[in-house]
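Everything below concerns the one structure shown next.
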Amino acid sequence: MEQIEPRHLIVQMIESASARAKAHEDALPPAPLPGIAEHAEILPPALSMPQRSLGEIIRARRSAGLRPGPVPGGALSALLRAGNPAALKRAFGPRVPWPALMPILWNVEGLSPGAYRYDPETHSLLPVPLDGSVEVLRTLFLQQEHQSASAVLIFAAPMSAWLTREGERGYRAMALQIGMMTDALYLAAEALGLTYTASGGFPPASIDAALGLNGVTHTAFFSFVIGGPRT
């Protein structure tokens with residue numbers, strides 16, 4: 001059997017995403033992001049970051065080791081502010097497509113369990129209707145440790161907009177964008193004393209279906225998994 005190298009899989013993934021977006025470009029109208037604005041939950045005030053040097057935070061940052069237990073609502077609020085795409089507009093410009101953050105909450109103090117879309121303009125969470133219990137969504141995360149998370153932030157990437165704008169290069173630009181946002185979340189989570197990790201270990205089509213994403217206008221691209229405080 002012919003050996004398949006990782007780079008070949010990456011090429012196939014980009015070509016498949018591009019073909020899917022192109023096939024639906026004319027037939028599929030842009031789909032609005034899910035989230036019921038009338039039932040928005042205003043986030044609590046963001047916790048202030050402890051006074052630690054950036055170098056110390058970078059040296060201490062780590063993945064995995066999730067701990068059970070509730071995440072303070074103010075900590076989630078601070079994370080969402082840190083991951084706000086507006087903070088990166090200087091790097092990419094104001095007119096490029098931006099991913100949406102879709103929090104899935106299981107154990108966050110002061111906030112109802114469920115799936116949401118984060119609205120950075122109002123700093124609020126817009127509920128996303130689910131077919132079943134939010135607990136069922138745990139099974140979509142393939143790494144067992146991640147199924148014990150207190151919350152997950154899903155990056156809903158504007159796939160078709162990027163590929164229409166830049167062709168296959170749009171996929172790389174989108175990945176770079178989300179990587180920079182993830183790095184900001186890493187530093188904020190470490191500063192807040194949480195346990196955390198980035199993860200791509202989920203089936204995007206299943207997450208899309210659960211969150212009401214059509215997989216073309218927006219698709220689940222990556223995630224940031226959050227556990228309880230480290231100590």
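What follows is calculated from the coordinates using simple rules that are stated; it is not laboratory data. If you're wondering where the values come from, they're calculated on a predicted model, not measured in any experiment. All Cβ positions, glycine included, derive from the backbone under ideal geometry; neighbour counts span all protein chains shown.
Odds and ends about this structure:
- In range of the label at L130: residues from region 52-73 whose backbone nitrogen is under 16 Å from the point 7 Å along Cα→Cβ: 71
- What you get for region 163-231, charging only the Cβ of Lys and Arg (+1) and of Asp and Glu (-1), is a dipole of about 20 debye around the Cα centre.
- Kirkwood Rh in Å, taken over all unlike Cα pairs in region 41-186: 16.7
- Exposure proxy order (Cβ contacts within 10 Å, fewest to most) of I226, I178: I178, I226
- Whole-Å distance, taken between Cα centres, linking region 155-174 and region 101-132: 25
- Ascending count of other beta-carbon atoms within 10 Å, so fewest first, for S206, S150: S206, S150
- The magnitude of the dipole of region 6-229, with charges of +1 and -1 set on the Cβ of Lys/Arg and Asp/Glu and taken from the Cα centre, is near 740 debye.
- Shown is the FRET efficiency for R90 and E121, computed with R0 = 25 Å from the Cβ-Cβ distance and rounded to the nearest 0.05: 0.85.
- With each label modelled as a point 7 angstrom along the Cα→C-beta vector, the R230-T139 pair spans 3.5 nm.
- Full extension of the chain between S112 and A173 gives 18.5 nm of extra length, using 0.36 nm per residue less the Cα-Cα distance.
- Figure legend: label point modelled 7 angstrom from the Cα of A31 along Cα→Cβ; residues of region 194-211 with amide N under 20 Å from it are 202-211.
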